[in-house]
Amino acid sequence: MMTFIQQCGPFFYPLFLISLTILYLGIRRTTDLLKANELNDHAFSRGLNGIIFWGVFSAILGVLGQFTALYKSLSIIIVAEAINPRLVVLGVRESFLTTLYGMTQLLIAGIIWFGLFTRFRKLQNTA
């Protein structure tokens, strides 16, 4: 796990905090739906939009992390006298970690959002 955190670099910490935020919002909106006696439509939909917002934000942050890693590695390659192709490929592979993490969070946030949104619409139609 520590290797993964180190390979993600400084972008891991905001991505991890976004993971916790998505989880918190998902749990909170799920409990709101279970209570569903007095559901404030505006506040609930704002919370739903927050889930998908943070998912998209984490995907963008993941891509930004990849671009930053690629830029750093290309800067080092420019000044290097001899380049080992294997090390270049390992660096490029490592740069994809933040993108994969961010896109995975977007996928999870989308699934949570879709499930809650579908249930919310069903409750609105029955009321």
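The values are calculated or read from the model by the stated rules, or taken from the named source; none is laboratory data. Here the structure is a predicted model, which is why all the values come from computation and not from measurement. Cβ sites come from the backbone with ideal geometry, for glycine too, and all protein chains shown count toward neighbours. These accessible areas exclude ligands, DNA and RNA; they are computed on the full protein's heavy atoms, side chains included. Shrake-Rupley method; radii C 1.70, N 1.55, O 1.52, S 1.80 Å.
Okay, here's what the table says:
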| read-out | value |
| --- | --- |
| Residues (touching a Ser or Thr at 6+ places or on another chain (Cβ under 8 Å) and in contact (Cβ under 8 Å) with a residue 24 or more places away in the chain) located in the range 68-92 | Ala69, Leu70 |
| Subset of the range 90-127 [aliphatic (A, V, I, L, M), assigned to a helix (DSSP H, G or I) and open to solvent by 100 Å² or more (accessible area, probe 1.4 Å)] | Leu100, Leu107, Ile111 |
| Residue tally, condition polar (S, T, N, Q), modelled with pLDDT of 85 or more and open to solvent by 50 Å² or more (accessible area, probe 1.4 Å), over the range 32-67 | 1 |
